[in-house]
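The values are calculated or read from the model by the stated rules, or taken from the named source; none is laboratory data. Keep in mind that this is a model prediction, so the values were computed, not measured. With ideal geometry, Cβ positions are generated from the backbone for all residues, glycine too; neighbour counts draw on all protein chains shown. When the accessible area is computed, the model is the full protein with side chains, heavy atoms only, and any ligands, DNA or RNA have been set aside. Shrake-Rupley method; radii C 1.70, N 1.55, O 1.52, S 1.80 Å.
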Amino acid sequence: MTEDTGGLAGTVAELPERLAAPRPGWITRADVVVIGSGIAGLTAALRLHAELGAGAKVLVVTKDVLSAGSTQWAQGGIAAALGDEDTPEEHLHDTLVAGAGACDLEAVRTLVTEGPAAVHELIALGAEFDHTPAGQLSLTREGGHHRDRIAHAGGDATGAEIQRALIAAVEAKPEIEVIQHALAVDLLLSGDGAVAGVTLHVLGEGRRDGVGAAHCRAVVLASGGLGQVFSQSTNPSVSTGDGAALALRAGATLRDLEYVQFHPTVMWLGPESQGQQPLISEAVRGEGAFLVDFEGNPFLQGQHPLADLAPRDVVAKAITRRMNETQRPHMWLDARHLGGSFWERRFPTILATCRSHGVDPVTELIPVSPAQHYASGGVLTDLWGRTGVPGLYATGEAACSGVHGANRLASNSLLEGLVFSRRISAVLPGELREWADPVADTRTPGLVAGAVRGDLQDVMTSRVGVLRSATGLAEARELLGKLGAVPADQVDKDAWETTNLLTLSSALSAAAAHREETRGSHWREDFPERDDERFAGHVDVRMTGGKLGLAFTPALPTDLEGVDR
């Protein structure tokens with residue numbers, strides 16, 4: 001591992017080591033606290049409840065209501081080798097190719113071999129997937145896949161159905177306590193640096209209103225992504241990277257943050273549109289839709305063997321290039337030939353969304369452009385979800401398990417949350433530490449003004465978005481430094497979230513500046529080629545004394561012919 005300090009020039013001089021917050025006004029206790037209520041968090045909670053046994057307490061804390069995370073927005077489905085002609089080995093191959101050499105081979109092997117059983121377990125739990133007239137699981141294809149292996153529900157409402165089933169299962173276990181409207185502020189640590197609890201800010205929960213603390217023996221981070229770093233994202237408003245930021249402040253390592261996936265087909269709502277944007281699922285292209293420019297040219301043809309079903313980074317770059325070449329703000333998705341009855345049966349949610357914005361995809365082209373969609377990096381874990389902080393585990397989008405590499409393969413995200421949450425529940429009960437009281441937190445507190453959030457998002461979108469360069473990244477880090485110098489005049493949720501966004505933006509821009517190559521979803525216009533000789537490996541970020549430090553960990557590329565699989 002090679003330390004790099006030069007890569008941080010221009011970054012915020014000093015970040016808060018913890019968030020400024022009032023002293024906890026209440027305390028609760030649980031053996032394990034799960035932060036997050038998507039597929040990763042609720043799967044972990046259910047499995048841990050079963051594995052820990054009677055007398056143990058599992059507490060789920062979620063920033064909004066149980067259904068408000070990213071899982072419910074997943075349209076396409078969940079990928080696994082479920083078809084008669086498919087195999088885990090083929091799924092592994094497609095994942096490694098999409099990941100552009102940066103995947104962890106054993107993590108991917110774990111994902112694809114344990115995936116089918118995990119999906120069947122989800123079905124047994126009550127998730128109702130679509131079936132063919134013959135009674136078989138209905139499977140479709142998305143970008144980067146060479147087989148039909150995407151199981152879906154409600155046509156294009158897979159995430160919502162999975163979320164429904166998991167919430168029902170949790171509500172059937174009253175022993176699993178749930179605190180909604182709870183922002184995780186910071187971890188509480190014991191004298192030896194292990195997890196001893198977490199501070200929470202709860203809104204509207206009666207006796208647990210305001211800042212409190214949940215003392216525990218372990219924390220499972222399943223808090224989702226960081227989409228609100230950017231002005232436009234498919235992520236919901238709760239995705240402010242709180243879990244990754246609090247883990248970084250507690251001593252965990254963040255890996256592969258520069259690999260931010262921009263979904264190629266997000267509905268373009270106009271130049272002024274900000275916040276969560278409507279996703280047009282890759283499954284629409286899987287069913288035959290294709291991209292065209294303003295002259296009607298299908299410009300993906302000939303650019304990749306899979307054409308419009310190429311991996312997401314390839315399609316996003318092709319769209320961006322054509323937008324730049326033609327000076328147009330978006331491209332078009334043509335799905336008119338699918339017909340009205342097919343749209344209504346297969347994609348009812350997307351159809352309704354398009355029509356609500358004045359576009360009928362049955363008769364009209366859909367305006368699309370890339371927008372932030374998924375963070376392939378996150379809190380570094382091993383194959384069992386363990387982080388570098390004793391007692392802290394991470395799963396789902398908040399984690400970097402190694403399965404996604406430089407570019408996530410379509411519909412692998414739900415599967416990752418499912419598989420690795422099951423793995424955490426298999427080892428955590430045997431690793432639970434003895435109860436330990438939190439020690440006084442001597443880390444330097446701080447808080448950035450919530451009012452700078454919009455400027456921060458503009459900086460990240462314009463300079464650390466789809467297309468990056470040394471000049472833009474240097475400007476971003478300089479501007480982030482200025483924004484970080486604006487202190488909050490009040491302690492509130494907006495300031496906490498904005499400070500988390502600034503922390504992750506600083507780390508992300510530093511990692512992107514260090515990686516002087518183009519690989520997967522990381523696109524450097526000044527270094528347009530992949531460079532395995534210099535950059536086969538991972539950029540790791542840690543925080544010490546409020547300062548960020550980078551380290552590069554070399555690793556052999558895993559997408560090349562001849563790799564031992």
message: If I ask for residues that are open to solvent by less than 10 Å² (accessible area, probe 1.4 Å), assigned to a strand (DSSP E or B) and touching a Gly at 6+ places or on another chain (Cβ under 6 Å), which ones from the range 229-283 would you list?
response: 233
- request: Return only the number of the condition from (1) closer than 30 Å to residue 557 by Cβ; (2) touching a Gly at 6+ places or on another chain (Cβ under 6 Å); (3) crowded, with 23+ Cβ neighbours inside 10 Å that residue 115 does not satisfy.
  value: (2)
query: Counting only residues that are of a type in the set (D, E, K, R) and touching a helix residue (DSSP H, G or I) at 6+ places or on another chain (Cβ under 8 Å), which one in the range 22-49 is most open to solvent (accessible area, probe 1.4 Å)?
result: 47
task: Answer yes if at least one residue in the range 428-438 is in a helix (DSSP H, G or I) and crowded, with 24+ Cβ neighbours inside 10 Å, and no otherwise.
output: yes
message: Any residue in the range 425-445 that is touching a residue at least 12 places away in the same chain (Cβ under 8 Å) sitting within a Cβ distance under 7 Å of a residue that is of a type outside the set (Phe, Trp, Tyr) and loosely packed, with under 14 Cβ neighbours inside 10 Å? List the pairs, counting only those 6 or more apart or interchain.
response: 439/191
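Residues are listed down the side, and each one gets a yes or a no for (1) closer than 28 Å to residue 371 by Cα; (2) in a loop (DSSP other than H, G, I, E, B); (3) open to solvent by less than 30 Å² (accessible area, probe 1.4 Å):
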position: 483; (1), (2), (3): yes, no, yes
position: 489; (1), (2), (3): no, yes, no
position: 497; (1), (2), (3): yes, no, yes
position: 501; (1), (2), (3): yes, no, yes
position: 509; (1), (2), (3): yes, no, yes
position: 528; (1), (2), (3): yes, yes, no
task: Considering every residue within the range 290-300, establish whether at least one is over 26 Å from residue 404 (Cβ atoms) and assigned to a strand (DSSP E or B).
output: yes
statement: If we keep only residues of the range 50-76 that are part of a helix (DSSP H, G or I) and modelled with pLDDT under 95, then the residue most open to solvent (accessible area, probe 1.4 Å) is 73
message: Quick check on this structure: which one of 450, 446, 417, 430 is at pLDDT 95 or above, under 22 Å from the mean Cα position of the chain (by Cα) and small (Gly, Ala, Ser)?
response: 417
field: helices (runs of 4 or more DSSP H) wholly inside the range 86-191 containing at least 2 residues that are in contact (Cβ under 8 Å) with a residue 12 or more places away in the chain and touching a Phe, Trp or Tyr at 6+ places or on another chain (Cβ under 9 Å)
entry: 105-125, 158-171
